[in-house]
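Have a look at the structure below before the remarks.
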Amino acid sequence: YQTGGKSLLWARQTQRWSQLDFDGPARDGFAVPWPITYKEIDPWYSYVEHFAGISGNKDGLDSLPDGDFLPPMELTCVEKHFQKEMKRLYADRHVIIGRCAHLTEPREIHIQQGRGTCLGRNLCQRGCPYGGYFSANSSTLPWAAKTGNMTLRTDSVVHSIIYDEQKQKAVGVRVVDAHTKEMVEYYAKVIFVTAAAINTNLILLNSKSARFPTGLGNDSGLLGTHIAFHNYRASLSAEYEGYLDYKTAGGRPNSGYIPRFRNLYKQETNFLRGYAAGMSGGRGTHADQSSVGESLKNSLLNPKWSNWYAGSHMMGETIPKAHSTVRLDAQKKDKYGIPQLRVSIGYDENDEKMLKDFHQQFTEMYSAAGFHNIQPIDTKRLPGNENHEMGGVRMGRDPKTSMLNAFNQLHHCKNVFVTDGSCMTSTSTQNPSLTYMALTARAVDYAMKEKKKLKMVKYFLKIN
């Protein structure tokens, strides 16, 4: 609920999907097959990466395609040790530097956006005054403003989309002024809904009409169902004795990354899909604070370095299910008069098996690499405390089993496009924002081309 939306709050990690990820639902039968392939979205990944600025290394992995990268960040010495050991011990477990939307070497297009180099200050959560990381406020909003065609109306809470029964299409959007609570209507020929997955579901469910009594485009009855997310419940910590002549400095905005290696090419475990993982290793400092006066001052000014620590966290793929839903509450409304959402979602047996496998595999991996004091952790966090909500308005080929077509158009209301996380048919294991942006750019290109085609048809009809 701020100008710039979730682009100010995201963790800025940007991995591409591979064809293996798009193949998942068709292979194991959960969800519906994706209506697009990696080949179709590949150029749009490149388009977004070039504009946003993605730091990364070309690793040559078919499970994690390379992209249009700026120079990569560097792994710490303990991370490099773990990388070397995994390469020695396993053929399928790769430790790479994470790919992130930070400018390590700005290109001309980034300079034109008014952005500067990431300085590794580790204060990203405050917003970067240099525009070192990609956000709407540092990049796309100023870029749009340069065209002279952008009007930004802040403090506007979207209520619903207006559907015209006679024209049989959406014609605009209702918003509530956050201060006066006045309802204002805006009109457009084409509407893109990118309010983030949960709020996009809310908006569409609240967009009721005689034609769509249960929500815009909801002839299939699937709107608000098959919600999924990434499971971050499992993590692990460890220590390493060695490399004491090295220490960390600065604040790298990413970590090492271990792409999915479970059930990648075939089903090989007792759970479906798999997980990726972060991997970070560093050194901390500690100071004796038990004294007072000059002794305390000296202790604080000369902290002692600890041993190297390391850790991993799981990013597990959850399976979209019909009973995982968001619905409008029949009575409760927020202060803007918009129905609140009832969220019905939880972990299942598949998630528990995956969590157990992560702990087993990573305990084995860290132990084999010479780490000690290995501590598996289950945070017991619940959905809603997790990350990357997706689904509810999923893509697919069949209007009976999906809400959107291959270009993110509502099957039953073609001038409305939905391109945020709600459109996802499955979640895979990669951080999803890069895929949202690539789908959005692709859908915008398609919408503009269709608009030009329509103009040409009208022109020829007129002259004939």
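The values are calculated or read from the model by the stated rules, or taken from the named source; none is laboratory data. Quantities reported herein were computed from a predicted structural model and do not represent experimental measurements. Virtual Cβ from ideal backbone geometry, glycine too; neighbours counted across all protein chains shown. For the accessible areas, the whole protein counts, side chains as well, though only heavy atoms, and no ligand, DNA or RNA atoms are used. Shrake-Rupley method; radii C 1.70, N 1.55, O 1.52, S 1.80 Å.
Here the extension length gained between Lys304 and Ser237 equals 22.1 nm, from 0.36 nm per residue of separation less the Cα-Cα distance. Could you tell me what percent of the accessible area of the chain is made up of carbon and sulfur, with a 1.4 Å probe and every protein chain present? Its accessible area is 53 percent carbon and sulfur atoms.
Of all the stretches in the chain, which is the longest one without any exposed loop site, taking GluC sites (Glu not before Pro) in a DSSP loop (any state but H, G, I, E, B) with at most 16 other Cβ atoms within 10 Å? Walk me through the intermediate numbers first.
Details: sites that count: Glu74, Glu165, Glu182, Glu241, Glu268.
Longest run free of exposed loop sites: 269-464.
The orientation-averaged shadow of the Cα convex hull for the stretch 116-187, equal to a quarter of the hull surface, comes to 7.3 nm².
Are there trypsin sites (Lys or Arg not before Pro) in the stretch 189-283 that DSSP marks as loop and that have at most 11 other Cβ atoms within 10 Å, and which are they?
In loop regions of the stretch 189-283 (DSSP not H, G, I, E or B), the sparsely surrounded trypsin sites (Lys or Arg not before Pro) are Lys266.
Each of (1) 75, 49, 43; (2) 83, 50, 49; (3) 76, 53, 49 is a candidate for Cα extents along the principal axes in Å; the one calculated from this structure is (2).
Summarising the label geometry, the points placed 7 Å from Cα in the beta-carbon direction at Thr379 and Asp42 lie 3.6 nm from one another.
Normalised by residue count, the stretch 226-356 yields a Cα convex hull volume of 240 Å³ per residue. Annotation for the stretch 62-85 versus the stretch 267-323: alpha-carbon center distance of 19 Å. Here Lys84 and Gln166 are evaluated by their C-beta separation; at R0 = 51 Å the FRET efficiency comes out at 0.15. Measuring how big the stretch 1-139 is from its alpha-carbon positions, Rg and Dmax come out at 17.1, 48 Å. Note on Glu364 and Ser156: the extension gain reaches 69.7 nm, defined as 0.36 nm multiplied by sequence separation minus the Cα-Cα distance.
Qualifying chymotrypsin sites (Phe, Trp or Tyr not before Pro) in the stretch 254-284, where qualification requires a DSSP coil assignment and no more than 14 other C-beta atoms within 10 Å, comprise Tyr265. Rounded to two decimals, the Cα-based Rg/Rh of the stretch 8-84, with Kirkwood Rh, is 1.04. Using only Cα coordinates, the Kirkwood hydrodynamic radius of the stretch 155-210 works out to 11.8 Å. Largest accessible area first, the residues Leu300, Leu70, Leu89 order themselves as Leu300, Leu89, Leu70 under a 1.4 Å probe with ligands, DNA and RNA left out.
For the full complex of protein chains and a 1.4 angstrom probe, list Tyr130, Tyr187 by accessible area with the highest value first.
From most exposed to least exposed: Tyr187, Tyr130.
For a bin width of 5 Å, list the pair-distance distribution of the stretch 313-458 built from all Cα-Cα distances, rounded to whole %. So the P(r) values, bin by bin, are 2, 8, 13, 14, 15, 14, 11, 8, 6, 4, 3, 1, 1, 0, 0.
In terms of overall dimensions, the C-alpha atoms belonging to the stretch 258-305 reach 64, 16, 9 Å along their principal axes, ordered largest to smallest.
Quote the relative contact order of the chain in percent (integer), defining contacts as alpha-carbon pairs under 8 Å separated by 6+ residues. Taking the mean separation of contacting Cα pairs over the length of the chain, I get 20 percent.
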